[in-house]
Protein chains: 2
Amino acid sequence: MMDEKARRAALRKIPYGVTVVTVRAGDRVNGFAGSWVSQCSFSPPMIMLGVKRAGLSYELLDQGRIFVLNVLGKDQAEIAEKFFHPVEYTDSQIAGLAYSRGVTGAPILKDAAAYVECEVERIFNIGGDHDVVVGRVVDAGFDRDEEPLTLANTGWQYGG
Amino acid sequence: MMDEKARRAALRKIPYGVTVVTVRAGDRVNGFAGSWVSQCSFSPPMIMLGVKRAGLSYELLDQGRIFVLNVLGKDQAEIAEKFFHPVEYTDSQIAGLAYSRGVTGAPILKDAAAYVECEVERIFNIGGDHDVVVGRVVDAGFDRDEEPLTLANTGWQYGG
């Protein structure tokens, strides 16, 4: 039998960032705090996300097929925190934060240190509680060189 | 046109660990330094890896369908460095480092701070230079509570 305590502890030793993944489908917008994020190809540049199957962001990702990975600076934990739950939005604000629209129309947080905008290439149901979403990078922006927010910075956990 | 410089800079802001992923197929053993690693399901616990399509480790992963994610402590960069290229191995050592065999037979580095042993569930060709390998956690061990080695610790880059 697997030692569940060791499993949780070992999995929690994988270092993660804390980003905000913003999504849009039609005129509906949402975002979530995303840690299960990694690049998965250089050429073409692609990233993979683990995204909870149930939930509004999953639904918008599946329908809209676009997302923006908003990279936060290490002092921006309070921005990520706003996206722990579905958020309110207007044409110019999401969760009370200003955003613009990227080339795909997906929302880009104005306060992000950097962003990577993607078109969804594939969504894989892996038989777990999250799907693996693979996106091809179609645009990116870099506002400022700052240490990125990490799970370790925040003391939050998402893993185990 | 996408700003390639911004794209590289933004992608490099995603925080990563540096782990050693060890693989085995039959009596062949190898390992590689892996950063594109993330959990992708809680229940059942699964992890996803971006693995370069060409290469011995990919071949062994594809054939053996097992791997171990060896989590290193922050002062163990020199261990990861040994796995930048294919390594020599015996029944008890890989790249000159002692290993044991996990429940699947995959090698576990004795010096790892923690490890997660997986059976390969799926290998997805995503049309890039890496495949997405999804593994189901079948065993794990936790040796000591140590800050994990990160790409930021080492100053190496794998992303952009």
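The values are calculated or read from the model by the stated rules, or taken from the named source; none is laboratory data. Just so it is clear, the structure is predicted and the values come from calculations on it, not from any experiment. So basically every Cβ, Gly included, is an ideal-geometry build from the backbone, and we count neighbours across all protein chains shown.
Side notes on the structure shown:
- Odd one out for A:Leu149 among (1) closer than 24 Å to B:Met2 by Cα; (2) out of contact with any Pro (no Cβ under 7 Å at 6 or more places or on another chain); (3) of a type in the set (A, V, I, L, M): (1)
- Where strands (runs of 3 or more DSSP E) sit wholly within the range A:13-63, those with at least 1 residues that are more than 14 Å from every other protein chain (Cβ to nearest Cβ) and more than 10 Å from the chain's Cα centre (by Cα) occupy A:19-25, A:28-34.
- Qualifying residue in the range A:31-44 (condition: in contact with a Pro (Cβ under 8 Å, 6 or more places away or on another chain) and farther than 30 Å from B:Leu109 by Cβ): yes
- Condition check for B:Val133 on (1) closer than 22 Å to A:Gly159 by Cα; (2) facing another protein chain (nearest Cβ under 8 Å); (3) of a type in the set (Val, Ile, Thr): one failure, at (2).
- Yes/no for B:Ile126 being in contact with a strand residue (DSSP E or B) (Cβ under 6 Å, 6 or more places away or on another chain), touching a residue at least 60 places away in the same chain (Cβ under 8 Å) and of a type in the set (Val, Ile, Thr): no
- Check on A:Asp139, at pLDDT 95 or above, facing chain B (nearest Cβ under 8 Å) and within 19 Å of B:Ile14 (Cβ to Cβ): yes
- Close contacts from the range B:85-109, counting a first residue that is farther than 10 Å from B:Val29 by Cβ and hydroxyl-bearing (Ser, Thr, Tyr) and a second that is modelled with pLDDT of 95 or more and not in a strand (DSSP E or B), with Cβ to Cβ under 8 Å and a gap of 6+ residues or different chains, come to B:Ser100/B:Lys110.
- Being surrounded by fewer than 17 Cβ atoms within 10 Å (Cβ to Cβ), under 21 Å from B:Leu11 (Cβ atoms) and out of contact with any helix residue (DSSP H, G or I) (no Cβ under 7 Å at 6 or more places or on another chain) is a description that does not apply to A:Ser92.
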